[in-house]
Amino acid sequence: MAQESLPHIFAAEQQSRWLSTHAGIWSLTGADLDAVPALSILTTLWDQPRWLEAYHLYDPRGSELFEEICQLPEYYLTRTENSILEVRAREIIGAAPVERIVELGAGYSKKTVHLLTEQVRQRGKGIFAPIDVGASGLLASQSAVRRDFPQIEFYGIHARYEEGFSAIDRSLPTLFVFLGSTIGNFNHTDFPRFFRALSAAMGPDDYLLLGADRVKETKTLEDAYNDSRGITAQFILNVFRNINRLLQGNFDSDKMRYHSWFNPQWRQIEMYAVATARQDIRFPSVGAAFQWQQDEKILVEISRKFDPHRLQEQLSFFGLAPVAHFTDPKQWFSVILFRKRF
Ligand code: AVI
């Protein structure tokens, strides 16, 4: 594997830890991205109630299903956020005088295009560095950026979010972009840990653009996560195929069903797999087993819904000051620009 010259993206003390696996895509040396998921799955499945971390949903099939979800008529999040960015990208980029855009998630969706277009229009150049655990999304993003934005330098960072953003140098003013309301998938422990780490990684001239889905009528929320074509159900239950592959497990998808609801007290959609018959689950590779009882639920994913004013106040405690708040005519979704304050 040829080592490329070191990129203008990692802090000096970090550079020796990163290796170029494909030209323009950088991975953490020695990181086994499969080892941590296996441990996470085992520990949370032995919890009471049993649950899973949301990132296990995104194997290649899960990523395809998620793309389908984004096109569903009931799933308003993607198109609402996209319409906000389409209309407001000029103001957003104008308000954030940066040289670099770091996107958490594979990037180069239609939504990112609006920001890159404005970066080139207003500043003529820039650096785009998406961070993602999936190399395929980064490669697709790389070829699209090279094709459509020759003025933009591309660095793909193949890592978990925190590993990626903590390694970035602070010499260039940077806009961190975290869209799609992915913060909604963080539980109450992950949420503060994530923002503490992100704020610590940001320099004084840095900005954060955050997409957050808002609390709204229960039926609208519940329909978005229980679509008439059953794609969301397939997406959620597909996680067990991924677990079977990772841990040589024997989850039987014919003996489970999908259930979701909006929990108003916790302001979150909860997505469960429910056993329709008892399953004796075995993971022979690690010598572990448990009984999944009939009607017992495994919490596969949560999707928290936000009050944007409270969210802005909350992030101010992490040193992130709100600069501008953008929403859609129905006020269903918020895109908020923050500036690092201390
Ligand atoms: C990625 N994330 C923001 C989606 C959401 O809306 O919470 C994941 C998803 N799960 C089921 N549908 C969509």
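Quick notes on this structure:
- With respect to the conditions (1) free of Cβ contacts under 8 Å to residues at least 40 places away in the same chain; (2) closer than 22 Å to GLY134 by Cα; (3) among the hydroxyl-bearing types (Ser, Thr, Tyr), TYR55 falls short on a single one, namely (1).
- Within the range 40-71, the set of residues being within 14 Å of the ligand (Cβ to nearest atom), more than 14 Å from the chain's Cα centre (by Cα) and acidic (Asp, Glu) comprises GLU64, GLU68.
- ALA129 vs. criteria of a type in the set (A, V, I, L, M, F, W, C), within 20 Å of the chain's Cα centre (by Cα) and farther than 23 Å from ARG170 by Cβ: no
- The range 305-342, residues that are in a loop (DSSP other than H, G, I, E, B) and surrounded by 15 or more Cβ atoms within 10 Å (Cβ to Cβ): LYS305, PHE318, GLY319, ASP328, TRP332
- In the range 165-193, the residues that are free of Cβ contacts under 8 Å to residues at least 60 places away in the same chain, away from the ligand (no atom under 16 Å from the Cβ) and of a type in the set (D, E, K, R): ARG193
- Any hit, the range 253-270, residues being away from the ligand (no atom under 15 Å from the Cβ), outside any loop (DSSP other than H, G, I, E, B) and closer than 27 Å to TRP332 by Cβ: no
- Taking the criterion of being among the aromatic types (Phe, Trp, Tyr) and away from the ligand (no atom under 12 Å from the Cβ), the only residue of the range 221-242 that qualifies is PHE240.
- Test: residue in the range 263-270 that is more than 19 Å from TYR225 (Cα to Cα) and either touching a His at 6+ places or on another chain (Cβ under 8 Å) or at pLDDT 95 or above (or both): no
- Against the conditions (1) closer than 18 Å to ILE131 by Cα; (2) away from the ligand (no atom under 15 Å from the Cβ); (3) touching a strand residue (DSSP E or B) at 6+ places or on another chain (Cβ under 8 Å); (4) at pLDDT below 95, GLU162 satisfies every one except (3).
- Filter pass, PRO204 being farther than 19 Å from GLU67 by Cβ and modelled with pLDDT of 95 or more: no
- For the range 238-270, a residue qualifies if it is under 21 Å from ALA38 (Cα atoms), without any contact (Cβ under 8 Å) to a residue 60 or more places away in the chain and not aromatic (Phe, Trp, Tyr), and the qualifying residues are ASN244, GLN248, GLY249, ASN250, ASP252, SER253.
- Of residues in the range 292-321 being out of contact with any strand residue (DSSP E or B) (no Cβ under 6 Å at 6 or more places or on another chain) and within 27 Å of ARG257 (Cβ to Cβ), the one farthest from the ligand (Cβ to nearest atom): GLN293
- Residue list for the range 72-87, filter: charged (D, E, K, R) and either on the phi > 0 side of the Ramachandran plot or away from the ligand (no atom under 11 Å from the Cβ) (or both): ARG79, GLU86
- Odd one out for ARG90 among (1) assigned to a helix (DSSP H, G or I); (2) within 16 Å of the ligand (Cβ to nearest atom): (2)
- Test: residue in the range 122-142 that is more than 16 Å from the ligand (Cβ to nearest atom), under 18 Å from LEU208 (Cβ atoms) and among the aliphatic types (A, V, I, L, M): yes
The values are calculated or read from the model by the stated rules, or taken from the named source; none is laboratory data. Everything numeric in this text was worked out from a predicted model, so none of it was measured. Don't worry about glycine lacking a Cβ; one is built from the backbone with ideal geometry, like all the others, and counts go over all protein chains shown.
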